[in-house]
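Reading through the structure tokens given below for one structure.
Here, each number is a calculation from the coordinates, and none is a lab measurement. Not measured: the values here are computed from a predicted model. Virtual Cβ from ideal backbone geometry, glycine too; neighbours counted across all protein chains shown.
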């Protein structure tokens, strides 16, 4: 039994299913996850959901600095005791979905990596939150790393290495026309270059979840996968395309934008897209052309 598992048992703390607490104690697996995440000694790491600190210790030994955010206040003393010798580690108690991330991560050296064994019930909204905040742009004199934000949130993330439900990983990696292809896959592939790092069976966790997991890497692109006039319009078009999966793209646009069929048909014609196709068949380039057509033909209501 690992030292961290011993500490968890001796603390008499019960795992909280409501918080999605499923911890990994296998030292070889933890070392492999840290190596797969590509953490190096010259970069900082934001860790989400350290649990009892098993992965955190490995991250501390690999990174320049590690900042952990933990929701469960019961685990903070356990973490502080277990990681007392790690001088490059700090912790914030709070909810990753509501904390002020730009403020909390201000002390981290940009660009920083995000590593997380996140509760499955917040996987999709958390990824969406993190990917809505950062934007990578070309290299500039004041940011030779080539990773710099250009929106108000200001999170300079280089990449994310996340333990997610296998089904979510399948969705992120899905291609146009496949069952998993949807807004999450589009956002991830538009902003990142996703790849699978490792399959992790449920038996590797304590307590074991009901599903298997996948450790995935989401390196931020220096430029989006496609260039569009308006990212806001791009993602609005994407959401419209998948809102009515059993309907044609034309119907989806009419419903989402509240326009007549003739106007929506004009957008599709300008983009060179068959109005009878379903939105789930479109790829990033086609979504980009359609979004630019909507913008170019004078639709400006983004409420």
Given R₀ = 35 Å, what would the calculated FRET efficiency be for residue 229 paired with residue 281, taking r from the Cβ atoms and rounding to 0.05?
0.95
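For region 229-303, rounded, prolate or oblate, judged on the Cα gyration tensor with a ≥ b ≥ c (square roots of eigenvalues), a/c < 1.5 rounded, else prolate if a/b > b/c?
rounded
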Ranked list, fewest to most other Cβ atoms within 10 Å of each Cβ, for 99, 186:
99, 186
